[in-house]
Amino acid sequence: MTILVTGATGTVGRQVVEQLVKRGADVRALVRDPAKANFPTGVIVAQGDLLDVDSLRGALSGVSTLFLLNAVVADEFTQALIALNLAREAGVERIVYLSVIHSDLYVNVPHFAGKFGVERMIEQMGFNATILRPAYFMNNDLTIKDVVLGHGVYPMPIGSKGLAMIDARDIGEIAAIELIRRERATGPLPLNRINLVGPDTLTGADIATIWSEGLGRTIAYGGDDAGRFEQNLRQFMPGWMAYDMRLMCERFLTDGMIPDAGDVERLTALLGRPLRSYRDFASEIAASA
């Protein structure tokens with residue numbers, strides 16, 4: 001049977017596709033622009049998006065398991081609800097959904113609250129599902145590496161509580177493992193939630209120190225001003241999204257992204273290897289700078 005991957009050309013989705021192919025799965029990838037596909041041999045490309053009901057119906061035809069990933073967009077919640085309803089209509093019973101850690105805690109942050117709503121719908125609809133709850137993607141920091149390298153400042157206001165940042169490559173591999181587990185199960189498996197975290201819970205000062213050591217020069221932490229961060233983001237993204245990011249950062253400052261007891265050990269056992277660290281991530285960037 002076939003596994004459908006949504007968001008297949010993105011940071012995580014591409015990793016999921018590659019990991020599934022490595023494990024011998026039949027993969028179909030939903031993409032808006034086939035020219036951006038560039039997937040391993042054997043992956044079937046379905047053109048469409050999560051608001052195009054006809055294209056999504058076609059993509060779900062003959063699918064047994066769905067990897068549902070929604071980008072942070074204004075209609076993210078609507079996209080997810082349409083996808084879940086069409087999946088049920090198509091007879092799909094197995095789902096792995098990419099949510100976010102603390103979706104039930106960061107209730108005032110739009111894209112967190114939306115994902116928590118999707119989690120609740122998955123439960124109410126009775127899907128055989130794994131809900132993955134990743135912490136902050138360390139790969140997001142690729143977007144601010146020029147500030148780090150060029151201005152000597154780590155600008156993300158992440159505070160002193162700490163974030164258990166995770167590498168998108170680890171997210172993709174764990175997602176593939178869960179998709180295969182559900183796809184190949186002889187019967188329904190219970191719904192479960194998995195926090196996806198990195199091996200270290202790091203503060204803003206910790207991150208600045210890692211960059212300083214990796215680059216061999218002082219990198220300062222830019223501080224905890226989420227309002228200023230929002231204004232900087234408004235140069236690159238819509239105002240609603242910049243404000244969403246501000247609200248998220250304010251929760252970083254007050255709550256952090258803290259793993260539950262046993263999360264790191266559980267993921268290490270699942271992968272059969274150590275989780276990638278932020279230090280490794282920064283070292284890769286520093287080596288190519």
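Since every read-out is calculated from the coordinates, none of them should be taken as a lab result. Treat the numbers as computed from the prediction; the structure is a model and nothing was measured. A quick note on method: Cβ atoms are made from the backbone with ideal geometry, for glycine too, and the neighbour counts reach across all protein chains shown.
Pick out, from Ser160, Met257, Gly198, the residue whose Cα sits farthest towards the positive end of the charge dipole of the chain, with +1 on the Cβ of Lys and Arg and -1 on the Cβ of Asp and Glu.
The residue sitting farthest along the positive end of the dipole is Gly198.
Assign unit charges at the C-beta atoms only (+1 for Lys and Arg, -1 for Asp and Glu), then state the dipole size of segment 18-161 relative to its Cα centre in Debye, rounded to the nearest 20.
Here segment 18-161 has a charge dipole of around 340 debye.
Rounded, prolate or oblate, given the Cα gyration tensor of segment 209-289, with a/c below 1.5 counting as rounded?
It comes out oblate by the Cα gyration axes.
Students often check this: by mean Cβ neighbours within 10 Å, which of 2-10, 97-105 ranks highest, and how do the rest follow?
The peptides rank, most packed first, as 2-10, 97-105.
Could you sort 242-252, 261-271 so that the peptide with the highest average Cβ count within 10 Å comes first and the rest follow in order?
Descending packing order for the listed peptides: 242-252, 261-271.
Using alpha-carbon positions, what is the distance between the centroids of segment 1-62 and segment 190-230, in Å?
If you average the Cα positions of each part, the centres end up 31 Å apart.
Based on the mean of other beta carbon atoms within 10 Å per residue, what is the order of 152-160, 46-54, most packed first?
The densest-packed peptide leads the list: 152-160, 46-54.
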